[in-house]
There are 2 protein chains.
Amino acid sequence: MSELFKSLESASSGTRRPLTEILDAIRWNEGGLIPAIAQQHDTGEVLMMAWMNRASLQETLDTGRVCYWSRSRGKLWRKGESSGQEQHLKQARLDCDGDTLLLSVDQTGPACHTGRRSCFYVALDAEQATVDSEPMIPPSELYSDKR
Amino acid sequence: MSELFKSLESASSGTRRPLTEILDAIRWNEGGLIPAIAQQHDTGEVLMMAWMNRASLQETLDTGRVCYWSRSRGKLWRKGESSGQEQHLKQARLDCDGDTLLLSVDQTGPACHTGRRSCFYVALDAEQATVDSEPMIPPSELYSDKR
């Protein structure tokens with residue numbers, strides 16, 4: 001863990017550091033990315049987990065519109081740019097060792113590309129997995145050009 | 001994405017698959033791991049993010065006590081084994097592309113090694129980072145042999 005995050009462990013509430021110091025200290029993985037969890041600010045639902053690089057995190061903090069790094073497309077991904085279902089940032093937080101982000105967001109409609117509200121719809125137990133939610137919107141409609 | 005998770009995208013609620021098929025289809029990373037988000041079941045607080053391998057996920061589902069894979073120690077990590085602050089599983093879920101877990105848990109006391117309830121205590125804005133919570137228990141007490 002970086003010295004910076006180590007020093008914040010025992011820091012009292014209200015302690016501040018410049019953002020650039022924090023961005024330099026984040027434990028970006030070998031691809032320059034960090035996982036970001038999106039949680040609906042008012043209901044507490046965990047909607048999805050995606051990845052951010054430094055540019056997408058900086059853009060998200062600057063604009064208030066959540067921007068991820070798409071690993072499959074290899075480019076910045078402004079959530080909702082193809083589906084219309086945007087995420088607006090309420091608050092961003094880093095964890096104790098500076099390697100995970102938690103985003104409190106306002107997500108209108110489905111966060112998941114399947115049209116479901118949340119990406120976490122496969123419930124597991126010791127014997128089986130069960131799909132436990134239905135799409136709010138059919139994916140064909142979500143990604144239609146007619147939108 | 002695997003054929004299995006692709007097929008579940010359009011599956012209706014209640015569709016089931018055997019756990020072993022799911023474990024075979026999970027997108028374990030190059031280290032054989034998957035990120036697992038722990039959320040307090042009743043308050044919705046996101047407490048931490050850690051990693052699981054197949055053995056730790058299977059153990060967690062079998063026993064109901066959350067077991068991660070410690071990347072720093074290179075071994076199974078039964079949450080609370082040194083701090084006494086255990087996590088009990090209420091429900092586990094996988095996301096749409098089978099590469100992230102969401103665990104609904106019952107966490108007694110702090111989830112964070114700093115003694116804070118949640119690991120996400122560094123709030124970010126466009127200019128700075130601010131520590132915004134205090135430990136519930138001093139870490140010296142959390143890891144004391146006298147416990």
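Data for the structure
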read-out	value
Minimum 10 Å² accessible area buried by the other protein chains, the range B:95-109 residues, probe 1.4 Å, relative to alone	B:Asp95, B:Cys96, B:Asp99, B:Thr100, B:Leu102
Rounded to whole Hz, the Karplus (6.51, -1.76, 1.60) HN-Hα couplings of the range A:116-130, x for glycine and proline	7, 4, 10, 6, 8, 10, 10, 7, 10, 10, 5, 10, 8, 10, 9
Given charges at beta-carbon only (K, R positive; D, E negative), |dipole| of the range B:28-141 in Debye	480
Distance from the range A:107-147 to the range A:12-32 (C-alpha centre basis), Å	33
Surrounding net charge for B:Ala123, when Lys and Arg each add one and Asp and Glu each subtract one, Cβ distance under 15 Å	-1
Label geometry 7 Å along the beta-carbon vector: B:Ala11 inter-copy distances in nm	4.5
Carbon/sulfur fraction of accessible area - the protein assembly as shown, other protein chains in place, 1.4 Å, %	47
Value at 222 nm in deg cm²/dmol, rounded to 500, when DSSP H runs of n ≥ 4 in the protein assembly as shown each add -39,500 (n - 2.57)	-5000 deg cm²/dmol
Heavy-atom surface of chain A, accessible at 1.4 Å and reported per residue (Å²)	44
Formal net charge of residues neighbouring A:Thr43 (Cβ-Cβ distance under 15 Å; K, R +1; D, E -1)	-2
Contact order normalised by residue count of the range B:28-141, Cα under 8 Å, 6+ apart, percent	22
Cα-based shape type of the range B:1-77, given that a ≥ b ≥ c are square roots of the gyration tensor eigenvalues and the cut on a/c is 1.5	oblate
Lys pairs under 19 Å by Cα in the protein assembly as shown, provided they are eight or more residues apart or on distinct chains	4
Loop-resident sites, the range B:86-144, for GluC sites (Glu not before Pro), counting at most 13 other Cβ within 10 Å (DSSP)	B:Glu127
For the range B:61-136, the Rg and Dmax computed from alpha carbons only, in angstrom	14.7, 45
Amide hydrogen neighbours beyond the local backbone of B:Asp97, cut-off 5 Å, H modeled	none
Size of the A/B contact, given as accessible area buried on both chains, probe 1.4 Å, in Å²	4700
Other copies of B:Ala126: label-to-label distances in nm, shortest first, labels 7 Å along the beta-carbon direction	5.3
Rotation relating A and B, chain B residue nearest the axis via C-beta, angstrom	B:Gly44, 1
Dipole moment magnitude, nearest 20 debye, the protein assembly as shown about Cα centre, only Lys, Arg, Asp, Glu C-beta charged	240
Rounded to 10°, Cα long-axis angle of helix B:54-63 versus longest principal axis of chain B	80
Per principal axis, descending, Cα span of the protein assembly as shown in whole Å	57, 44, 34
Per-selection metrics, chain B (Cα): Rg and Dmax in Å	17.0, 54
Label distances, nm, B:His88 versus same residue in remaining copies, Cβ-directed 7 Å point	4.1
A:Glu141/B:Leu23 FRET efficiency (R0 35 Å; Cβ-Cβ; nearest 0.05)	0.60
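The values are calculated or read from the model by the stated rules, or taken from the named source; none is laboratory data. In this text, all values refer to a predicted model and were calculated from it rather than measured experimentally. Neighbour counts are summed over all protein chains in view; Cβ atoms, including those assigned to glycine, are modelled from backbone coordinates with ideal geometry. When the accessible area is computed, the model is the full protein with side chains, heavy atoms only, and any ligands, DNA or RNA have been set aside. Shrake-Rupley method; radii C 1.70, N 1.55, O 1.52, S 1.80 Å.
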